[in-house]
2 protein chains.
Amino acid sequence: MSDSGLDAVKLDGAGPVYDQIRRAIRDLVLNGTWTPGTSVPPEHALMERLGASRMTVHRALVQLAREGLITRRRRSGTVVASPPASHAMLDILSIPDEVRQLGQDYAFEILSRRDGKPAAEVAALFELKRSEPIVHLVTRHLSSGQPHVLEERVIHLATVPAAADEPFETMPAGDWLLQHSLWSQAEHALSAVAAGAREAELLAIGRGEPCLLVERRTWNQSAPVTAVRLLYPGGRHRFVGRFGPYGQV
Amino acid sequence: MSDSGLDAVKLDGAGPVYDQIRRAIRDLVLNGTWTPGTSVPPEHALMERLGASRMTVHRALVQLAREGLITRRRRSGTVVASPPASHAMLDILSIPDEVRQLGQDYAFEILSRRDGKPAAEVAALFELKRSEPIVHLVTRHLSSGQPHVLEERVIHLATVPAAADEPFETMPAGDWLLQHSLWSQAEHALSAVAAGAREAELLAIGRGEPCLLVERRTWNQSAPVTAVRLLYPGGRHRFVGRFGPYGQV
DNA sequence: GCTATCTAATTGCATATGCAAATAGCAAGC
DNA sequence: GCTTGCTATTTGCATATGCAATTAGATAGC
């Protein structure tokens, strides 16, 4: 094995060559073989290794760069990009960042934690099998002392075993997961619900007041990583996005 | 002027040639000079007209195709694409389609209409100048007879003068606008609110029940087109989306 | 040590060329 | 009329080539 990651690039013979190259590199990035910051071999090296022309390699790399997976600079070369911190509208956002961007002080407290197989209600809420070991966390995030959002989360220990030994004292679970696990797909759902008695108390709002519920589930290559329900007091939060008729602007 | 739109393509000399071509064609599409279905001149024609090589023209067209602005087929040529009916998550969606996709019958009724300069509350709600003439519509959309969503909308007559003569009897205003106006940018915001007395009655829910409020404003080249507030009964609606760490999957 | 300069590595862009694949429209044959 | 096949048009892909722009790192000079 050479010291660069050159040998890891393998074509599968399906479809156009430039696209084989694109997918090969994309997969290395998405499955974590090449982590952010890793430098991608220069065009000449890939060209020789793969027996393609430089323009063909170039085309694959240009496209990956436009997709945001890599960044390229003349002379410095090509490196794997860091996933952007946030997306258009809704995403894996860091709640500490979210709060600080509003100019407020951030704090959080873990209200409860349970490790092991899920209780019946938790399994139902997150659509889990009762045999899967998880960490179940309830966290309250505070913005300058005021309740900001209530978070209920499960982390799949089969996929992220390190979570079992993590006390989540220095940072909330969402941020810890961003640093200590990979994800390749997420699904989120937005709805409006009324605050229950306990929720209202924890959020310092009236019972039955409208809240925005963000539910998000995350996978890495079909293995579930985490699922979370974020309950925002309705009056104080909006999610905003911009786009054009053919997609993001 | 030739019968094709060839003459309309003009480069601005700024940046790479392929990108000049790309932007030139993109602008013709976005500003409505080339409407969906219009056929784009073949690569050879553009190449001669612009004095660029075919590969350079090709690169611009390939990129536009990937962005979804045009569709290309061998031998048939290149045509301007229709904007996709819906986006990842939230967008200018057609409420009739939304209802029918759920397998329900669709109907709508206009609850009120007022043309002319906006009343004070309407102007405040939509952040309008009181001197701008608008159409103000309140519409209820029904799904198999049940209230589905409540829509309150203003249409800017300066931008869409035809709206003044349109009774909106055969289709709701949102769908009519999709067919009779252009838009280049939209902004939406999502929040949770409690139903007011009148809203609750119209949606057949209890007063104070949580609702999902979608607010959307649309522009065409900085001219405001329309603004709408859609109030969905919270319990019956969710907005769902999927994505990966680097963007849409 | 510090700075200015040079060199070479690397990506960016454009061209010219050739062939492959798809297919619209026409022509020929039945 | 219907089908079958041909042909020319158009896009898709890959290569080879050359030069431009950027800049990290080495070198030379002070």
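The residue list B:Met55, B:Met89, B:Met47 contains one member that is outside the structural domain of B:Leu212 (by TED's automatic domain parsing) and modelled with pLDDT under 95, which is B:Met89.
Any residue at all in region A:183-204 that is of a type in the set (Phe, Trp, Tyr) and at positive phi? Can you show your working first?
Of the residues in region A:183-204, the ones of a type in the set (Phe, Trp, Tyr) are A:183.
If we keep only those that are at positive phi as well, we get none.
No, every residue in region A:183-204 fails to be of a type in the set (Phe, Trp, Tyr) and at positive phi.
Search region B:177-190 for residues being surrounded by fewer than 18 Cβ atoms within 10 Å (Cβ to Cβ) and touching a strand residue (DSSP E or B) at 6+ places or on another chain (Cβ under 9 Å), and hand back the single one that is farthest from B:Thr35 (Cα to Cα). My answer is B:Ala189. Would you list the helices (runs of 4 or more DSSP H) that sit entirely within region A:1-83 and hold 3 or more residues that are surrounded by 14 or more Cβ atoms within 10 Å (Cβ to Cβ), free of Cβ contacts under 8 Å to residues at least 24 places away in the same chain and within 12 Å of DNA strand C (Cβ to nearest atom)? Because the criterion is at least 3 residues that are surrounded by 14 or more Cβ atoms within 10 Å (Cβ to Cβ), free of Cβ contacts under 8 Å to residues at least 24 places away in the same chain and within 12 Å of DNA strand C (Cβ to nearest atom), the helices (runs of 4 or more DSSP H) in region A:1-83 that meet it are A:54-67. Every condition in (1) away from DNA strand D (no atom under 16 Å from the Cβ); (2) of a type in the set (S, T, N, Q); (3) outside the structural domain of A:Val154 (by TED's automatic domain parsing) holds for A:Ser39 except the one numbered (1). Screening the candidates B:Arg72, B:Arg66 for the property of being outside the structural domain of B:Ala223 (by TED's automatic domain parsing) and at pLDDT 95 or above yields one hit, B:Arg72. Quick check on region A:153-172. Is at least one of its residues open to solvent by 50 Å² or more (accessible area, probe 1.4 Å), more than 14 Å from A:Arg216 (Cα to Cα) and within 14 Å of chain B (Cβ to nearest Cβ)? No, region A:153-172 has no match at all.
Cβ-Cβ distances below 7 Å connect the following pairs, each with a first residue in region A:175-201 that is touching a residue at least 24 places away in the same chain (Cβ under 8 Å), a second residue that is of a type in the set (A, V, I, L, M) and assigned to a helix (DSSP H, G or I), and a separation of six or more residues or different chains: A:Ser184/A:Leu30; A:Ala195/A:Leu203. Within region B:111-132, being touching a strand residue (DSSP E or B) at 6+ places or on another chain (Cβ under 6 Å) and not hydroxyl-bearing (Ser, Thr, Tyr) holds for B:Leu111, B:Arg113, B:Arg114, B:Asp115, B:Pro118, B:Val122, B:Phe126.
Within region A:209-236, restricting attention to residues that are open to solvent by 30 Å² or more (accessible area, probe 1.4 Å) and either touching an Asp or Glu at 6+ places or on another chain (Cβ under 9 Å) or among the small types (Gly, Ala, Ser) (or both), which residue is nearest to B:Ala189 (Cα to Cα)?
Restricting attention to region A:209-236, the residues satisfying the condition of being open to solvent by 30 Å² or more (accessible area, probe 1.4 Å) are A:209, A:215, A:217, A:219-224, A:229, A:235-236.
Then drop every residue that is not either touching an Asp or Glu at 6+ places or on another chain (Cβ under 9 Å) or among the small types (Gly, Ala, Ser) (or both), which leaves A:215, A:217, A:219, A:222-224, A:229, A:235.
Numbers: A:Glu215: 17, A:Arg217: 22, A:Trp219: 27, A:Ser222: 31, A:Ala223: 32, A:Pro224: 30, A:Arg229: 20, A:Gly235: 13 Å.
Looking at residues that are open to solvent by 30 Å² or more (accessible area, probe 1.4 Å) and either touching an Asp or Glu at 6+ places or on another chain (Cβ under 9 Å) or among the small types (Gly, Ala, Ser) (or both), I get A:Gly235.
So how many residues does region B:30-42 have that are of a type in the set (A, V, I, L, M) and modelled with pLDDT of 90 or more? Outline the logic, then answer.
Kept after step one, since they are of a type in the set (A, V, I, L, M), are these residues of region B:30-42: B:30, B:40.
Still in the running and modelled with pLDDT of 90 or more: B:40.
The total comes to 1.
The values are calculated or read from the model by the stated rules, or taken from the named source; none is laboratory data. As the structure is a prediction and not an experimental result, all values here were calculated from the model. With ideal geometry, Cβ positions are generated from the backbone for all residues, glycine too; neighbour counts draw on all protein chains shown. When the accessible area is computed, the model is the full protein with side chains, heavy atoms only, and any ligands, DNA or RNA have been set aside. Shrake-Rupley method; radii C 1.70, N 1.55, O 1.52, S 1.80 Å.
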